[in-house]
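These notes are about the structure you will find just below.
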């Protein structure tokens, strides 16, 4: 068994790669600048990445579609299991990933969809890191609660789905153990790093802070308004059910992350 991990230098991909190798599973770690070169926009990189693999951790960066031709080519070359990283409420908030879910479900091979909530690592590794560094996060999500999930837990669920029995045809909603507002999450981070970080959560706050064109800003506000309309996100038991251990609490994450300094 050789497994292809896409996005192998990213928050979940590098953890999936590490966990698989700890199990002595042969891994092809693929990314645009990784051990194996893979680029969604360059189909000539697909064949070498797929050569000899039997399963794939499928993920695409934000805004990049999962190409139907890639899934078809993967099946034709002998791939027998696909595990897709998607998002909670994909049908309501992310047409790109909802379409990707349809592709893997209709692929004709074994599939599992991992729907993850907001990553903890968005705050220290991802797109919130500059705001945390600057001391102020502006996001028009008000006081809605989110069950932030650690990338380590997402990776652990994905690895079980890639290697174990009993996961075929399942869609897993993967969350952390707590439902927090962004204000509460930022307060935990502030406490952990010992300096003030502020959260502003209204649409007007977002307009005032945005440097994007007005039409883009309004489109982003509309997107976040859709998220708000879904209400609070409650924790699920998925991580413990699949991995046999409880999910990582947000406070544990804040105490172990490497935080950007001002």
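The values are calculated or read from the model by the stated rules, or taken from the named source; none is laboratory data. Here the structure is a predicted model, which means the values were calculated and not measured. Neighbour counts run over all protein chains shown; Cβ positions are idealised from the backbone, glycine included.
Tabulated results
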quantity	calculated
Some residue of the range 89-111 being surrounded by fewer than 16 Cβ atoms within 10 Å (Cβ to Cβ), within 24 Å of residue 237 (Cβ to Cβ) and over 18 Å from the mean Cα position of the chain (by Cα)	yes
Those residues of the range 208-244 which are farther than 21 Å from residue 135 by Cα, surrounded by fewer than 15 Cβ atoms within 10 Å (Cβ to Cβ) and free of Cβ contacts under 8 Å to residues at least 60 places away in the same chain, in sequence order	213, 214, 215, 216, 219, 222, 229, 237, 240, 241, 244
Residue that is surrounded by the fewest Cβ atoms within 10 Å (Cβ to Cβ), among those in the range 183-207 that are under 23 Å from the mean Cα position of the chain (by Cα) and in a helix (DSSP H, G or I)	183
Scope the range 154-171; condition buried (at least 21 other Cβ atoms within 10 Å of the Cβ) and either in the same structural domain as residue 20 (by TED's automatic domain parsing) or out of contact with any helix residue (DSSP H, G or I) (no Cβ under 6 Å at 6 or more places or on another chain) (or both); matching residues	154, 161, 162
Residues that are within 20 Å of residue 167 (Cβ to Cβ) and assigned to a loop (DSSP other than H, G, I, E, B), drawn from the range 46-66	53, 54, 59, 66
Count of residues meeting criterion [assigned by TED's automatic domain parsing to the domain that holds residue 66, part of a loop (DSSP other than H, G, I, E, B) and in contact with a helix residue (DSSP H, G or I) (Cβ under 8 Å, 6 or more places away or on another chain)] in the range 103-147	3
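To keep it simple, each residue is scored yes or no on (1) in the same structural domain as residue 67 (by TED's automatic domain parsing); (2) surrounded by 15 or more Cβ atoms within 10 Å (Cβ to Cβ); (3) assigned to a helix (DSSP H, G or I).
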{"residue": "4", "(1), (2), (3)": "yes, yes, no"}
{"residue": "19", "(1), (2), (3)": "yes, yes, yes"}
{"residue": "39", "(1), (2), (3)": "yes, yes, no"}
{"residue": "44", "(1), (2), (3)": "yes, no, yes"}
